[in-house]
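Below is one structure, written out as structure tokens; the observations come after it.
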Amino acid sequence: MPNLKDLKNRIDSVKSTRKITQAMQMVAAAKLRRAEEAAGAARPYAEQFNAVMAGLAGSVGEDGPKLLTGTGGDQTHLLVVMTSERGLCGGFNTNIVKLAKARIEALLADGKTVKVLTVGKKGREQLKRQYESQLIGHVDLSEVKNVGYNNAQDVASDVLSRFDVGEFDIATIFYSVFESVISQTPTELQVIPAMFDGDAADGTVFDYEPSEEEILTELLPRGVATQIFTALLENGASEQGARMSAMDNATRNAGDMIDKLTIKYNRTRQAVITNELIEIISGAEAL
Amino acid sequence: MADTMQFELVSPERKLASGQATLVHIPGADGDMTAMPDHAPVVTTLRPGILTVEIDGNAREYAVTGGFAQVTAEGATVLADAALPKGEVTADFLNGLVAATQSGAPSDEGNKRIADLQALGAELGLSV
């Protein structure tokens, strides 16, 4: 028979767990609001940027910069896997890693070379087990409280310097798009060679100052940074959303568990009393 | 002919200004230019400098540190790397940018950027 004292301790411990998960849920909700605002504030820039770039990219032919047209090969792929720095956010990191892993397997099966750059500790931990030899770098954002454009620039300059020395042909970023608190979609997006899906094809012919090529060489690296920045912000919102719903679930489960344990405790207590009574009565009868 | 055009000033982190402008003065990399409604379509990169925009007859000034601008007949969109209202620029902010440029490999572009930043500082009366 379970000890009454043990049960009591168990209930107390689940109760304090519930307090913690409840607090985490509220913190995540507050952070989510901020993350969503940041993502919303960054959207106009990304949209305008894409529109301009789509126009530019359309007017430059085959001999544009390598960042736009590619190196001509597709042998070496760089996957930039962006995950969170902290756990306890449900399947958020696992889903991103799962998508990246599927991609890695497909590329390896095609005989391609795969390199992985991780952003965020959690994804690195998960990928390290299986693909340690493919990991070529890691960007640590654990000290960063609010992701800013300069963080995205750091990641971008890491990627671009590797591209400049010919370490890879194609770069793809993996992150999670925030749709709602209960739904975040892991997504992959090719950033090098650049793809722009804005609809600037309204036939306007622009003058370029200085020249088209110079503008492109200046803007393309910025485009990579902008896409990474958008991805980081989406990831930030997704992480908080995922944590919020995970903690909501955890709080509810803890509540259920407390109810069950309390019933068990009461039954056990009753059984102990009944037992004692039986012992007393049978002792009295024996006299 | 329209008297105003749609003006947008955005930085990667937020939208700074937006409205119907009669005149936008842009510090272009190859020289300043003033865009008014029905301007020929042009895309230009920016150098660090002061961007002036007139909305409803009020001139507003912003310090931009670089980026690019797209001008069409109907509007002007400025995508700045970083932008601040003129009064909020501090010497520390500019010095930080100069230091960031200096930490890279010395180049003509780097030197020009530093010179532009210093000119911007001088215009604002800050020592850079």
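Of all residues in segment B:2-45, which are on the phi > 0 side of the Ramachandran plot and either more than 11 Å from chain A (Cβ to nearest Cβ) or at pLDDT 90 or above (or both)?
B:GLY19, B:ASP38
Quick one: is A:LEU56 in contact with a strand residue (DSSP E or B) (Cβ under 8 Å, 6 or more places away or on another chain), touching a residue at least 40 places away in the same chain (Cβ under 8 Å) and either within 30 Å of B:PRO41 (Cβ to Cβ) or loosely packed, with under 15 Cβ neighbours inside 10 Å (or both)?
yes
Is it true that A:GLU214 is farther than 23 Å from A:GLY72 by Cβ and without any contact (Cβ under 8 Å) to a residue 60 or more places away in the chain?
Details: farther than 23 Å from A:GLY72 by Cβ: no; without any contact (Cβ under 8 Å) to a residue 60 or more places away in the chain: yes.
It is false that A:GLU214 is farther than 23 Å from A:GLY72 by Cβ and without any contact (Cβ under 8 Å) to a residue 60 or more places away in the chain.
Would you check if A:GLN227 is within 14 Å of chain B (Cβ to nearest Cβ), crowded, with 19+ Cβ neighbours inside 10 Å and not in a strand (DSSP E or B)?
Working: within 14 Å of chain B (Cβ to nearest Cβ): yes; crowded, with 19+ Cβ neighbours inside 10 Å: yes; not in a strand (DSSP E or B): yes.
Considered against the rule, which asks whether it is within 14 Å of chain B (Cβ to nearest Cβ), crowded, with 19+ Cβ neighbours inside 10 Å and not in a strand (DSSP E or B), A:GLN227 comes out as yes.
Any idea which of B:ALA73, B:ALA100 is in contact (Cβ under 8 Å) with a residue 24 or more places away in the chain, surrounded by fewer than 17 Cβ atoms within 10 Å (Cβ to Cβ) and within 13 Å of chain A (Cβ to nearest Cβ)?
B:ALA73
Being within 14 Å of another protein chain (Cβ to nearest Cβ) and surrounded by 16 or more Cβ atoms within 10 Å (Cβ to Cβ) narrows it down to one residue among A:ALA41, A:ALA100; which is it?
A:ALA41
Restricting attention to segment B:60-68, does a residue exist that is within 22 Å of A:ALA51 (Cα to Cα), modelled with pLDDT of 90 or more and either part of a helix (DSSP H, G or I) or over 17 Å from the mean Cα position of the chain (by Cα) (or both)?
For segment B:60-68, residues within 22 Å of A:ALA51 (Cα to Cα), modelled with pLDDT of 90 or more and either part of a helix (DSSP H, G or I) or over 17 Å from the mean Cα position of the chain (by Cα) (or both): absent.
In the set A:ARG103, A:ARG86, which member is basic (Lys, Arg) and outside any loop (DSSP other than H, G, I, E, B)?
It is A:ARG103.
Would you say A:LYS66 is under 24 Å from A:THR230 (Cβ atoms), without any contact (Cβ under 8 Å) to a residue 40 or more places away in the chain, basic (Lys, Arg) and surrounded by 15 or more Cβ atoms within 10 Å (Cβ to Cβ)? Spell out the reasoning first.
Details: under 24 Å from A:THR230 (Cβ atoms): yes; without any contact (Cβ under 8 Å) to a residue 40 or more places away in the chain: no; basic (Lys, Arg): yes; surrounded by 15 or more Cβ atoms within 10 Å (Cβ to Cβ): yes.
No: the conditions fail for A:LYS66.
Which residue, of B:VAL42, B:VAL24, is free of Cβ contacts under 8 Å to residues at least 40 places away in the same chain, in contact with a strand residue (DSSP E or B) (Cβ under 6 Å, 6 or more places away or on another chain) and of a type outside the set (Ser, Thr, Tyr)?
Numbers: B:VAL24 fails: free of Cβ contacts under 8 Å to residues at least 40 places away in the same chain.
That would be B:VAL42, the only listed residue that is free of Cβ contacts under 8 Å to residues at least 40 places away in the same chain, in contact with a strand residue (DSSP E or B) (Cβ under 6 Å, 6 or more places away or on another chain) and of a type outside the set (Ser, Thr, Tyr).
The values are calculated or read from the model by the stated rules, or taken from the named source; none is laboratory data. Predicted model only: the values in this text are computed from it and were never measured. Because the Cβ atoms are built from the backbone with ideal geometry, glycine has one as well, and the counts that use them run over all protein chains shown.
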